[in-house]
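Take a look at the structure below.
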Amino acid sequence: MVLKAFFPTCCASADSGLLVGRWVPEQNSAVILAVVHFPFIPIQVKKLLAQVQKASQVQVAVLGTWCHRQQEPEENMGHFLEGLGAIFSHDPWLQLCRERGTRFWSCKATYHQMSTNLGTPTEDQVMLIFYDQRKLLLSWLHPPAVLPGCQDGETTASTGGLADIFDTVARSEVLFQNDQFDEGPVRLSHWQSDGMEASILVELAKRASGPVCLLLASLLSLLSAASASWLWKLWPLSFIRSKLSTCEQLWHRLKHLSLIFSTEKAQNPMQLMRKANMLVSVLLDVALGLLLLSWLHSNNRIGQLANALVPVADRVAEELQHLLQWLMGAPAGLKMNRALDQVLGRFFLYHIHLWISYIHLMSPFIEHILWHVGLSACLGLTVALSILSDIIALLTFHIYCFYVYGARLYCLKIYGLSSLWRLFRGKKWNVLRQRVDSCSYDLDQLFIGTLLFTILIFLLPTTALYYLVFTLLRLLVITVQGLIHLLVDLINSLPLYSLGLRLCRPYRLAAGVKFRVLEQEAGRPLRLLMQINPLPYSHVVHTYRLPSSGCHPKHSWGSLCRKLFFGELIYPWRQREDKQD
């Protein structure tokens with residue numbers, strides 16, 4: 001049987017001593033965590049291991065001996081190390097040795113109990129696997145559900161077997177707190193034995209973060225309670241709140257901030273990464289908002305936008321008037337119903353006249369409105385974009401009204417024609433059973449149905465043309481709003497911290513490991529180097545993507561085309577509940 005010994009690369013040049021680690025019988029593996037150096041008192045070593053076991057819940061024990069002959073010239077040191085197996089009994093007992101003046105290693109694993117029963121020593125072949133202890137401690141092995149496929153030329157180990165190795169190193173962090181500068185009775189060699197990295201500013205920030213988070217969490221809880229009060233559930237306020245994208249974005253950011261400044265400790269790496277992604281998303285959002293705010297308030301750009309808004313609105317209204325006058329004539333040489341064409345054209349022209357009057361009435365206050373809207377950018381770029389989407393919805397409300405009028409009229413004629421078509425075939429729609437049943441009609445009913453069908457079929461081209469034009473305008477507005485919502489959702493949901501971690505420290509997000517052969521000779525133990533396979537960028541985005549406030553459409557392209565063909569409404573704002581026409 002082959003025994004796998006995971007040896008930290010930081011201990012390859014350590015002085016001779018005892019190998020401390022954990023034995024994993026399911027994998028027939030030994031995870032070596034540190035080397036205990038001479039001189040030491042065995043009872044002190046056992047006391048230290050008992051403290052580590054109690055703090056980390058990891059069965060840490062002395063697994064064997066380590067001999068570095070390049071630093072130990074005495075030949076009897078190896079015999080002395082072999083005799084330590086009687087004090088620290090463990091099966092199997094590892095004996096690792098780095099030979100003097102060569103790059104070769106010798107590895108043995110002896111079973112004392114089996115040798116006692118059989119009368120002869122029993123040894124196993126040892127496969128020595130080197131690993132970077134610091135990277136393994138800081139990395140997180142992702143579950144198989146998010147693992148990519150194995151790449152060609154790489155040997156990827158089983159995730160289930162690796163989980164024990166990663167978990168052993170991660171939970172044994174308390175063992176790495178002892179360095180060579182400690183005056184304790186036991187000296188250890190591990191990745192942090194040269195001293196712990198620390199910063200005064202970081203320690204001060206950690207100590208101050210507790211009270212600050214507690215204060216901010218209290219303020220955010222008050223805001224959440226105020227936003228959930230019964231006053232907002234009254235009809236006008238609840239209706240406005242459900243329609244405005246700004247309210248949705250503010251509520252989304254409030255939930256993010258409540259989670260970020262929560263005093264509850266993250267239970268697993270996924271929750272910790274989610275908090276970090278939210279924090280970076282909020283900071284980037286506020287930074288971009290402040291840049292937008294500084295750009296708007298420099299060189300009087302808000303005044304320039306206010307002065308350009310009214311002429312643009314007049315220009316849009318003028319183009320709509322020209323479009324309606326074209327439709328009231330003979331558009332593209334089509335023969336329209338003159339009476340219905342004039343009625344619809346004048347009806348829409350009157351609405352445009354009302355809209356122009358409304359814009360000119362609001363023109364003195366536009367600069368003040370834009371100034372306050374610009375100040376909202378300090379809350380984040382997403383809030384400013386949501387306000388921009390709501391402003392577009394308000395400025396194009398007349399286009400939405402035109403679309404609703406045309407869609408309702410077109411839908412009425414489509415359903416009237418379909419009902420009259422069933423009348424000609426001797427059918428009717430059964431409302432109770434929701435199906436088409438046979439029905440006998442008398443002569444008067446057929447005559448009236450024929451007249452109505454003829455009237456509707458000749459009026460349909462005029463109505464369909466108005467509906468087509470205003471539907472295209474409506475789709476143009478929805479496209480602009482959709483692009484704004486897409487940018488907002490991208491800022492809200494993109495895991496920026498995880499992507500930065502994957503770019504700068506790819507070993508932190510582990511998808512698996514691969515092994516590189518260091519030595520493979522006959523009569524020598526196989527030596528491998530374990531390297532971490534980072535998680536691909538696509539899997540990082542898929543795994544750590546934050547929940548978005550946007551409500552994605554439930555309908556497919558086929559259902560959308562069906563709604564457009566039958567004149568069903570496409571609502572202008574994002575909806576959380578299903579709407580009934």
- Task: Filter the stretch 220-267 down to residues that are loosely packed, with under 14 Cβ neighbours inside 10 Å and in contact with a Phe, Trp or Tyr (Cβ under 9 Å, 6 or more places away or on another chain) and give me whichever is nearest to residue 171 (Cα to Cα).
- Result: 226
- Odd one out for residue 490, checked against (1) open to solvent by 80 Å² or more (accessible area, probe 1.4 Å); (2) farther than 30 Å from residue 255 by Cβ; (3) not basic (Lys, Arg): (2)
- Message: For the structure I just gave you, tell me whether residue 303 is within 20 Å of residue 458 (Cβ to Cβ) and either open to solvent by 50 Å² or more (accessible area, probe 1.4 Å) or over 31 Å from the mean Cα position of the chain (by Cα) (or both).
- Response: no
- Task: Kindly provide the set of residues from the stretch 416-445 that are open to solvent by 60 Å² or more (accessible area, probe 1.4 Å) and touching a residue at least 12 places away in the same chain (Cβ under 8 Å), ordered by number.
- Result: 421, 424, 427, 436, 438, 440, 441, 445
- Checking residue 378 against (1) under 38 Å from the mean Cα position of the chain (by Cα); (2) within 24 Å of residue 480 (Cβ to Cβ), which test does it fail? (2)
- Determine if the stretch 395-415 includes at least one residue that is open to solvent by less than 60 Å² (accessible area, probe 1.4 Å), more than 28 Å from residue 319 (Cβ to Cβ) and either assigned to a helix (DSSP H, G or I) or hydrophobic (A, V, I, L, M, F, W, C) (or both). yes
- Kindly indicate whether any position in the stretch 393-410 is among the charged types (D, E, K, R) and farther than 20 Å from residue 565 by Cα. no
- Query: Could you say which residue among 238, 229, 242, 262 is more than 30 Å from residue 543 (Cβ to Cβ), of a type in the set (S, T, N, Q) and in contact (Cβ under 8 Å) with a residue 12 or more places away in the chain?
  - Reply: 242
- Item | Odd one out for residue 471 among (1) at pLDDT 85 or above; (2) within 55 Å of the chain's Cα centre (by Cα); (3) over 18 Å from residue 415 (Cβ atoms) | (3)
- Note on the structure: Filtering the stretch 314-340 down to residues that are among the hydrophobic types (A, V, I, L, M, F, W, C) and either outside any helix (DSSP H, G or I) or within 39 Å of the chain's Cα centre (by Cα) (or both) yields 330, 334, 336
- Going by the structure shown, is residue 523 surrounded by fewer than 17 Cβ atoms within 10 Å (Cβ to Cβ), more than 30 Å from the chain's Cα centre (by Cα) and over 30 Å from residue 404 (Cα atoms)? yes
- Query: What is the residue count in the stretch 493-519 for residues that are surrounded by fewer than 17 Cβ atoms within 10 Å (Cβ to Cβ) and in contact with a Lys or Arg (Cβ under 8 Å, 6 or more places away or on another chain)?
  - Reply: 3
- Task: Can you give me the number of residues within the stretch 7-55 that are of a type in the set (Phe, Trp, Tyr) and open to solvent by less than 10 Å² (accessible area, probe 1.4 Å)?
- Result: 1
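The values are calculated or read from the model by the stated rules, or taken from the named source; none is laboratory data. Model, not experiment: these values are computed from the prediction. Cβ coordinates were reconstructed from backbone atoms using ideal geometry, including for glycine residues, and neighbour counts include every protein chain displayed. Just the protein is used for accessible areas: all its heavy atoms, side chains included, with ligands, DNA and RNA removed. Shrake-Rupley method; radii C 1.70, N 1.55, O 1.52, S 1.80 Å.
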